[in-house]
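Presented below is the structure to which this report refers.
Please treat every number below as a calculation from the coordinates, not as lab data. Just so you know, these numbers come straight off a predicted model, no measurement behind them. For neighbour counting, all protein chains shown are included, and Cβ atoms are generated from backbone atoms with ideal geometry for every residue, glycine included.
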Amino acid sequence: MALSVREYRARIKSTESMKKITRAMELIAASRIIKAQQRAQAAAPYARELTRAVSAVATFSNVDHALTLEPEDPKRAAILIVTSDRGLAGAYSSSVLKEAERLIEKLKGEGKDVDIYISARKGEAYFKFRQRAIARAWTGHSDQPTYDVAAEIGATLIETFLDEEGADEVHVVYTRFRSMLSQEPTAVRLLPLEVVEGTEAPEKDDLLPLYEFEPSPSDVLDSLLPRYVQSRIFFALLQAAASELAARQKAMKSATDNADELIKKYKRIANQARQAGITQEISEIVGGVNALADAQAGSE
Amino acid sequence: MADLKTDKVLQVELVAADRLVWSGQATMVIARTTEGDVGILPNHAPLLSSIIEGVVDVQTTDGETWIAAVDAGFLSVADNRVSILSERAEMSHEIDLEKARQDLERAQSSGENDDAAAEAVRRAEARIRAAERAS
């Protein structure tokens, strides 16, 4: 009971205003998740049709493409790490970064150099603080990714993959949105492409027809594959955005709950202090009265 | 030809990267591929083709015509299903004609003479054409 009632009151007040903030952030995150999920759903038809088209070309032509060729002796790998722009989302960014570190270790163990590409500020800050080189970073879109950003990231990664000096393989580390309660950091290899393991493979019984290709299978593939890569990156960004918001909502909910508990605790202590003060005042008054009475009795 | 039209229709989907722009039934689809305009009628042979920035014309089964401006992408036809995939696609009524005209002017006056500039000009032209034809 080291502090006075007044000081406890001040603490209760500041905790209450913090609670208001965390509560507001929780509600905002909750409403944005729905939007993020809708965006992910709206993007699904495009990804599905692209996957269909790519598997059609892959099935009916034997055209090899630079993006699907396995390099013989991979020396260099590029990693795209999808984090968040803002904090206050619990362990969201740090668990993605942990997963990324694990992948980097593994790739280094295989004797590959690793180039790091980053989406969003938290990851950028993490590597900058540790003074590790970042090949390129894109920031400012993590909770509302647009296709343009995904296209730009895709173009950069494809460029480094096709460059002789550049990466021989490209990985993406992002957080997969499984449900509101569970999000899982995931690492996937993006390039060289394995067409079969699409996000949504076409159903088994729906047979692919014999397509005519215009102008030619290789030309179609040329423009199809980069789009496929971009769409995969867009998918990763959308999943990451939904995960980020879910993580933020969860973190803010527990912050609000904690604030509630703190307020309750402080209120109790403050009341105790107040009662102790009253008791002390009464006993002082009683003591004073007694002393006066004794003095009067003594003088008579 | 006539009997094909009576019992077969095309199931058309126009898909942009971030949304499904339009889906429904149609009797004819016209799109611009790298080789030139192509018209798709019911029972067309399976086709997979790259399309460039241009206007997509669709005649629906209720006799209406709608027009959309699309970016480069793909056209796939199989079993009377037509999917038009493009990173960006806009229905004609969604296009702001004034803005499209400004974009065209800017693209033409940028003075650059590379693929990206030509693409920007084609895109702006396609949007203007789509908006004008619809109005």
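Some notes on this structure:
- Shape of region A:105-162, Cα gyration tensor, a/c cut at 1.5: oblate
- Straight-line reach from B:Lys8: taking Cα to Cα under 26 Å and skipping same-chain neighbours fewer than 8 places apart, the lysines in range are A:Lys204.
- By the beta-carbon count within 10 Å of each Cβ, the least crowded to most crowded order of A:Phe234, A:Phe177, fewest first, is A:Phe177, A:Phe234.
- Using θ = phi - 60° and Karplus 6.51 cos²θ - 1.76 cosθ + 1.60, couplings along region A:149-161 (whole Hz; Gly, Pro as x): 4, 4, 5, 5, 4, x, 4, 5, 5, 5, 4, 5, 5
- Proximal lysines to A:Lys75, defined as alpha-carbon separation beneath 21 angstrom and excluding residues fewer than eight positions away on the same chain: A:Lys106, A:Lys108, A:Lys112
- Stokes-Einstein D for the protein assembly as shown, Kirkwood Rh over Cα pairs, 4 °C, 1.567 mPa s (µm²/s): 50
- For region A:219-226, Karplus couplings with θ = phi - 60° (6.51, -1.76, 1.60), whole Hz, Gly/Pro x: 5, 4, 4, 4, 8, 6, 5, x
- Rg/Rg_globular for region B:9-135, with Rg_globular taken as 2.2 N^0.38 Å and Rg from C-alpha atoms: 1.05
- Only Cα pairs under 8 Å and 6+ residues apart enter the sum, and on that basis the relative contact order of chain B stands at 23 percent.
- Vicinal HN-Hα couplings computed from phi for region A:26-37 (Karplus, 6.51 cos²θ - 1.76 cosθ + 1.60; Hz; Gly/Pro x): 4, 5, 4, 4, 4, 6, 6, 4, 4, 5, 4, 5
- Modelled spin-label separation between B:Arg101 and A:Glu72, with each label point placed 7 Å from Cα along the Cα-to-Cβ direction: 6.1 nm.
- Beta bridges per DSSP, both residues in region B:2-91: antiparallel share near 85 percent.
- Candidates A:Ser93, A:Leu67, A:Val82 compared by Cα position along the dipole of region A:38-169: farthest toward the positive end lies A:Ser93, with charges placed on Cβ.
- The ranking of A:Thr256, A:Thr175 by Cβ neighbour count inside 10 Å, starting from the fewest, reads A:Thr256, A:Thr175.
- Long pairs among A:Lys35/A:Lys98; A:Lys35/A:Lys128; A:Lys19/A:Lys267, criterion Cα-Cα beyond 24 Å: A:Lys35/A:Lys98; A:Lys35/A:Lys128
- Under the criterion of Cα pairs below 8 Å and six or more residues apart, the relative contact order for region B:95-134 equals 56 percent.
- Projected over all directions and averaged, the alpha-carbon convex hull of region B:95-134 occupies 2.4 nm².
- For region A:40-59 versus region A:98-145, the gap between their alpha-carbon centres in whole angstrom: 28
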